[in-house]
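The values are calculated or read from the model by the stated rules, or taken from the named source; none is laboratory data. All of these numbers come straight from a predicted model, not from anything done at the bench. In this analysis, Cβ positions are derived from the backbone assuming ideal geometry, glycine residues included, and neighbour counts consider all displayed protein chains.
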Amino acid sequence: MGKDIREDIAWAQINKDVLKSLESPRRMYWVILFIAIAMIGVAVGCEIYQYTTGMGVANKNNSHVWSLYIATFIFWIGMSHSGTLLSAILHLMHADWRKPIYRFAEAMTTFSLMTAGLFVLVHLGRLWMVYYVMPYPNERWVWPNFQSPLVWDMFAIATYLSSSVLFLYVGMIPDLAICRDNIHAGWRKKLYTVMSLGWEGTDRQWRNFRITYLTIACFLIPLAVSVHSIVASDFAMSNMPGWHVTSFPPYFVAGALYSGCAAIITLFIILRYVFKFEEYMTLPIMKKLVRLTFAIAMVWTYLNLIEFASVWYGHDQTAKDQLIFKATGPYAPYFWAMIFFGSILPLMLAFKRFQTHLPILFVVSILLNVGMWLERWMIISPSFAHGHYPWTWDHDQWPSLVQWGIVFGSFGWFTLLFMVFCKVFPSVSMYEVKEMVYHRSLALKHKPAVKGDY
Amino acid sequence: MSQRHLLALFNDFDEAVAAIAELRGANIKGFDIDDLILKSPIEHPEVEKVLGDKPVNVQWFTLIGACMGGLLAFFLVASAQANFFSQIKGGKPIVPLPPDFVLTYEMFILGGVFITILGFLICAGLPAKRSPLYSAKVSEDQIGILVQGDESAVAIFKTIFTKHKALEIQEEAGK
């Protein structure tokens, strides 16, 4: 395998390359931005229609009280987990290959959480009553039930979002100082000056920075696990067939990491092309990322089998019927597509020839996420369609175009936030890439001479 | 005697460390090694060997923040549950510990993160005005050593910096 990064790359060049990405991306950047805005337009149109007409237009009914909105909410929450994996877990493990790519993964965490939050609002329907969900003492007779996973969700996601934003920001301070020093006028200069807080890179600042970054990383790992475990508890603590499964929390966490890793591959390829980051987002790094994704895909597959086995060999006949219904009923094509995209397709990633083939990886990573989105849908809708009581069965329910439109637009919303971030803030961590180059060149210098080197 | 400030820029980290070691050894009037500031584009923990161990107190903020966050969450939730008797409990505990642990845990983390950031800002002296002897080269690829001493020490500083191949020496009168 080649080098993750060239050791002889000049530090000034690193600054220059990354700062250039803030000014002159390829034309494709604007195309992506335009498509994203068009997609948001679709979602906004659908939401306005739903808001003014009523939730009935979403085609949800008494059995199907949750549908695509909640499935997509879980999808976006899940997507956020890999930012934490790359930046926090790999940071603690001293895996320095993460350095050129963790910044955009962290940004992905933040923006996917912001997108997920929107779905809670969309799902509520009556937006003007949104303050009812806030858990504070009131006289409205709608008292927050602190024992409910739904209230835990609100706390966990708010904690995760604010901590992720702070983690992203703190890690960016030295880079914002570089931007401040190199951009000479305009609103950007003012923005970077304020946000860099007067950072000068003194030994005192670095010393405290190192401990702070490490400490927040240590907090974020259990936080990320708790967030998706709590989301899993929304399901596992209920008595719905197919949901009351002990392995749901780890299954959700694995699924979250899986979809996040796949999204990082997609964004890696896009950013590498759009911002000309070929020197930093290298193929050996992609190879490591792909192997990580493959490993997580296998963990997810295993946990999926565990989930099916617990239902199959358990004593809950309704849950078993519901599993059979999923595999053979009207949802069967989506169920088997989920199995194919989630468990069979990633086997491709085990082959070396595909691990660095960017066009194939681009398509595969998107399909993996299609599989992971289907997974969330297959958790929700079939359970509502085939519950405990036959008189609640509704096998033919299909989400309306309004729901599909809002789900579709959420991808535009995420893309817009993400791409604007990458244009305004450095999406490659300059100081960490310098550290990587520095340590690797030191290691090379101190490498003992081996036989044949003379 | 008025104090002078000097900033020397180096290309090579080892030369900068050698210059600091020499400054430490030389008995320069009005110069204290604790006042020396090293500015660098990346973190160099190895500089502690010559500058000496300096305490980092951010962890204390973390400890206090996490404990306060957890305690605050638990008491807020528990007091809300204990004060609202019209919520039907059906014989279950008014303040159930296992489910309340979840929110306590979340706020333990939130408090820890928030106060850690506050501690970082306090301990790192941020936000701050940039010193007049700041060079943008430090955020690019050069190491800066900022020293202060009596006017008589300026020549010695310059000699040491030049000996260790300083690329540039900036000078400013102290406040």
Of the conditions (1) farther than 26 Å from A:M436 by Cβ; (2) within 14 Å of another protein chain (Cβ to nearest Cβ), the single one that A:I9 does not satisfy is (1)
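Farther than 30 Å from A:C218 by Cβ, surrounded by 18 or more Cβ atoms within 10 Å (Cβ to Cβ), among the aliphatic types (A, V, I, L, M) and in contact (Cβ under 8 Å) with a residue 60 or more places away in the chain, is that true of B:I37? It would help to see each step written out before you state the result.
Details: farther than 30 Å from A:C218 by Cβ: no; surrounded by 18 or more Cβ atoms within 10 Å (Cβ to Cβ): yes; among the aliphatic types (A, V, I, L, M): yes; in contact (Cβ under 8 Å) with a residue 60 or more places away in the chain: yes.
So B:I37 fails the test.
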Of the conditions (1) assigned to a helix (DSSP H, G or I); (2) modelled with pLDDT of 90 or more, B:L9 clears all except one; give me its number. (1)
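Per-residue answers, yes or no, for (1) modelled with pLDDT under 85; (2) surrounded by 21 or more Cβ atoms within 10 Å (Cβ to Cβ); (3) part of a helix (DSSP H, G or I); (4) within 8 Å of chain A (Cβ to nearest Cβ):
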| position | (1), (2), (3), (4) |
| --- | --- |
| B:G112 | no, yes, yes, yes |
| B:F120 | no, yes, yes, yes |
| B:L126 | no, no, no, yes |
| B:V138 | no, yes, yes, yes |
| B:I145 | no, yes, no, no |
| B:I156 | no, no, yes, no |
| B:T162 | no, no, yes, no |
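Looking only at the stretch A:2-32, which residues are farther than 18 Å from A:C179 by Cβ and without any contact (Cβ under 8 Å) to a residue 24 or more places away in the chain? Steps first, answer last, please.
So in the stretch A:2-32, the residues farther than 18 Å from A:C179 by Cβ come out as A:2-10, A:26-32.
A:A10, A:R27, A:W30, A:V31, listed by residue number.
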Is there a residue in the stretch A:401-418 that is within 18 Å of A:M281 (Cα to Cα), within 14 Å of another protein chain (Cβ to nearest Cβ) and either under 23 Å from the mean Cα position of the chain (by Cα) or touching a residue at least 60 places away in the same chain (Cβ under 8 Å) (or both)? no
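From the list B:I169, B:I88, pick out the single residue that is touching a strand residue (DSSP E or B) at 6+ places or on another chain (Cβ under 8 Å) and over 30 Å from A:S163 (Cβ atoms).
Values: B:I88 fails: touching a strand residue (DSSP E or B) at 6+ places or on another chain (Cβ under 8 Å).
Selected residue: B:I169, the only one of B:I169, B:I88 that is touching a strand residue (DSSP E or B) at 6+ places or on another chain (Cβ under 8 Å) and over 30 Å from A:S163 (Cβ atoms).
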Among the numbered criteria (1) touching a Pro at 6+ places or on another chain (Cβ under 8 Å); (2) surrounded by fewer than 20 Cβ atoms within 10 Å (Cβ to Cβ); (3) in contact (Cβ under 8 Å) with a residue 40 or more places away in the chain; (4) small (G, A, S), which one does A:S247 miss? (1)
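Among the residues of the stretch B:65-106 satisfying the criterion of being more than 7 Å from chain A (Cβ to nearest Cβ), touching a helix residue (DSSP H, G or I) at 6+ places or on another chain (Cβ under 6 Å) and not small (G, A, S), which is nearest to A:L214 (Cα to Cα)? Before the answer, list the steps.
Residues of the stretch B:65-106 that are more than 7 Å from chain A (Cβ to nearest Cβ), as a first pass: B:65-76, B:78-79, B:82-83, B:85-86, B:88-95, B:97-98, B:101, B:104.
Imposing the further condition that a residue be touching a helix residue (DSSP H, G or I) at 6+ places or on another chain (Cβ under 6 Å) reduces the set to B:65-66, B:68-70, B:73-74, B:94-95, B:104.
Adding the requirement that they be not small (G, A, S) leaves B:68, B:74, B:94-95, B:104.
Numbers: B:M68: 20, B:F74: 26, B:I94: 39, B:V95: 35, B:T104: 22 Å.
Checked the stretch B:65-106; the qualifying residue nearest to A:L214 (Cα to Cα) is B:M68.
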Which condition from (1) more than 7 Å from chain A (Cβ to nearest Cβ); (2) assigned to a loop (DSSP other than H, G, I, E, B) is the one that B:Y134 breaks? (1)
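Table: residues versus (1) modelled with pLDDT of 95 or more; (2) assigned to a helix (DSSP H, G or I).
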position: B:E46; (1), (2): no, yes
position: B:K49; (1), (2): no, yes
position: B:D53; (1), (2): no, no
position: B:F61; (1), (2): yes, yes
position: B:I64; (1), (2): yes, yes
position: B:C67; (1), (2): yes, yes
position: B:L71; (1), (2): yes, yes
position: B:V77; (1), (2): no, yes
position: B:A82; (1), (2): no, yes
A:L271 fails exactly one of the following numbered conditions: (1) within 12 Å of chain B (Cβ to nearest Cβ); (2) in contact (Cβ under 8 Å) with a residue 12 or more places away in the chain; (3) closer than 21 Å to A:F167 by Cβ; (4) out of contact with any Asp or Glu (no Cβ under 8 Å at 6 or more places or on another chain). What is the number of that condition? (1)
Which condition from (1) assigned to a helix (DSSP H, G or I); (2) within 14 Å of another protein chain (Cβ to nearest Cβ); (3) surrounded by fewer than 16 Cβ atoms within 10 Å (Cβ to Cβ) is the one that A:H94 breaks? (1)
Against the definition (on the phi > 0 side of the Ramachandran plot and not basic (K, R)), how does B:G125 come out, yes or no? yes
Would you mind telling me which numbered condition in (1) within 29 Å of A:W11 (Cα to Cα); (2) within 14 Å of another protein chain (Cβ to nearest Cβ); (3) surrounded by fewer than 18 Cβ atoms within 10 Å (Cβ to Cβ); (4) of a type outside the set (D, E) A:Y213 fails? (3)
Does A:P426 satisfy being assigned to a loop (DSSP other than H, G, I, E, B), modelled with pLDDT under 95 and within 14 Å of chain B (Cβ to nearest Cβ)? yes
For the stretch A:174-197, which positions are assigned to a helix (DSSP H, G or I), among the hydrophobic types (A, V, I, L, M, F, W, C) and at the interface with chain B (Cβ under 8 Å from one of its Cβ atoms)? A:A177, A:I178
